[in-house]
Every structure is written in C-alpha cells, then in structure tokens.
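Derivation of every value follows stated rules applied to the coordinates shown; laboratory data play no part. Only a predicted model underlies this, so the values are computations on that prediction, with no experimental measurement involved. Cβ atoms come from the backbone with ideal geometry, glycine included; neighbour counts cover every protein chain shown.
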Amino acid sequence: MNAQKITNKIILLIIITVVFYAIIVLLSDVNLLLERISDFEFKYLPIIFAGIGLHIFILGIKFHRLVLKAGINLPFKENLKIFTAGLSLGVTPAGIGTAIKSHILKNKHGKSISSTLPIVVVERWTELLGILLLTTVLLFWSSLYESLIALVLGYIILGIFLALMVNSKIFTSIKKILTKIKFINNLISVLDESRESLIKLNTKKNLIEATAWSILAKFAHLVTVYFIFLAYGVDLGLILSGQIYYTAMIFGVISFIPAGIIVTESSMLGLLLGHNVEFAIATLIVILTRIITLWLTTFVGIFTLKFSFSNVN
C-alpha cells in the first residue's frame with residue numbers, strides 16, 4: 001500500500017467523521033455552541049501539545065526497544081520516524097494498519113515482514129494492556145460502572161489475543177474463522193509465519209517493559225485530556241477525566257470500528273452528560289479531544305510517511 005492510497009483512505013474516514021461531528025453539533029444548540037467556543041482557555045494549549053508530543057515520544061522509545069530486542073540494530077532516530085509514520089494508519093480497526101511499519105522495515109532496511117510483524121503485535125497488545133491497567137487503577141478512586149463493563153470486555157479481548165499468540169491449537173482454530181474476513185486475511189497469513197518470532201519476543205521481561213512504557217505514555221495522554229477539559233472550564237479532576245476518556249476509548253477499541261469512530265465519541269459524550277456537563281461544552285470537549293489525540297497524530301503520521309517513506313508499498 002503506497003502513501004497516496006493510505007492518504008485517500010484516511011480522507012474518506014475523515015469525511016465520515018466530519019459528518020458525524022456535524023450531526024452532534026446540529027443536535028446541540030448551535031448558537032450556544034458557537035458562544036462556548038470562545039470560552040476556550042488558550043493558555044493550556046502549550047501543555048496540551050507538549051502532552052501529545054510526550055505520548056508519541058514515549059511510545060517511540062517502546063517501539064525502538066522492541067526493535068532492538070528483535071535483533072534489529074537501527075538508530076533511535078530512524079525507529080522514531082518509522083513509529084511516527086505508523087501513526088498514519090492508527091485509525092484502522094484495532095490499529096492493525098500500523099503494521100505498515102513492517103513494510104517500511106522491509107523496503108528500506110531489508111527485514112522480512114515475518115521477522116518484524118511480531119514487534120507491531122507486541123506493541124499493540126501491550127498498549128491495550130497499558131490502557132486497561134491504568135483504567136483499572138483509576139477505578140479504585142472513580143468507580144464508574146461503565147468502566148467496569150469496558151474493562152471486563154477489554155480483558156476478555158486481551159485474553160483471547162494472548163491465547164492466539166501462545167497456543168497453537170487455538171490459533172489454528174480461530175485462524176480458520178479470521179481468514180474468511182478479507183481485510184485481515186493477509187495479516188493472519190503473515191502472522192502464522194511469524195509465530196516463532198512472536199513467541200520469542202513475547203517473553204515476560206519484554207512484556208513487562210513494553211507495558212510499563214505504555215502506561216507511562218497513556219498517563220501523559222491522561223494529563224493531556226485533563227487540560228483539554230480544563231480549557232473549557234470543566235474540572236472533574238485528573239482521575240475522573242482520565243476514567244471518562246479511557247472508558248470511552250476501550251469501548252471504541254473493542255468495537256473494532258476504525259479508530260472507534262462514533263462509539264468512542266458517543267460513549268465519552270454520554271459519560272460527560274452523566275456528570276452534568278452542559279451539552280454544548282461536552283460536545284466541544286469530545287470533538288477537540290478527538291481532534292488532538294487522534295487526528296493530529298494521524299496527520300503527523302501521514303506527513304512523516306509521505307516525506308520520509310513515500311516509496312513504501
């Protein structure tokens with residue numbers, strides 16, 4: 001898949017998202033919403049952008065460490081660029097499109113996809129684990145029943161995924177079902193060839209380290225979201241703000257809809273309204289949060305892919 005095809009698919013997804021956001025706006029009091037836009041406290045923008053940058057940087061470190069553990073010696077700067085380019089397809093179902101990093105490693109550095117795909121798999125698996133563990137900790141201080149439901153479903157999905165990675169019989173059984181789904185058929189075939197490398201990389205030590213990096217990165221995300229809330233005068237506290245955001249995100253991830261679109265936004269909007277946040281303000285918070293935490297990083301990824309790895313196929 002080349003950069004132009006990726007860009008076209010992202011543009012289509014953006015159009016769908018814009019239409020959905022427009023529907024939310026129309027359901028709100030448009031005049032009131034326009035008035036509330038001006039309430040944004042721009043003094044928080046430097047902290048918000050710094051948080052997003054830190055999130056990307058920490059996950060870039062995690063990717064670099066996994067690449068090294070897979071026996072591929074590349075400079076940190078190169079791995080950070082590859083990781084950032086992968087953000088261009090973070091909007092795919094469960095982020096499986098970030099496997100484009102394996103294509104980059106193959107085309108630019110001659111590494112086989114079967115040897116590098118396990119890096120992406122462990123990366124995505126530990127990122128979800130990090131989100132679930134952080135949300136679980138937050139649950140002790142902010143007990144949302146919606147979070148409990150999301151966590152139960154999330155851990156089930158995570159358990160199934162772990163079983164796929166370590167149990168050959170389960171993998172073979174589920175593979176027969178998954179290969180019937182066109183968009184992941186090729187991925188499953190390559191993953192089958194990569195299972196030996198995956199098991200080797202999927203050690204207790206590696207998982208603990210990768211999960212620790214994930215939790216640290218997601219905490220930076222949590223702080224970013226908290227300041228987005230504050231920018232619109234909504235102070236629910238760091239813990240509850242994070243709980244609302246990550247609960248909505250988990251629902252979006254387990255829906256397997258690209259970027260959790262509609263599911264994540266709807267969940268977050270409902271949780272904000274449940275805590276007596278004004279509809280217009282809640283709408284602005286949801287839209288701005290998604291623009292900054294999802295679409296901004298997607299565009300950074302597209303930019304990096306286009307100008308650094310434009311020949312990736």
ask   = How would you order 124-130, 140-146 from highest to lowest mean count of nearby Cβ atoms within 10 Å?
value = 124-130, 140-146
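Taking the Cα centre of the range 8-68 as origin, work out the dipole magnitude from +1 charges on Lys and Arg Cβ and -1 charges on Asp and Glu Cβ, in debye rounded to 20.
Working: 5 positive and 4 negative charges, 100 e Å.
It works out to roughly 480 debye.
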query = Given the pairs 43/306; 62/200; 81/200, which span a C-alpha to C-alpha distance of over 28 angstrom in this model?
reply = 43/306
query = Can you sort 49, 229, 42 by how many other beta carbons sit within 10 Å, fewest first?
reply = 42, 49, 229
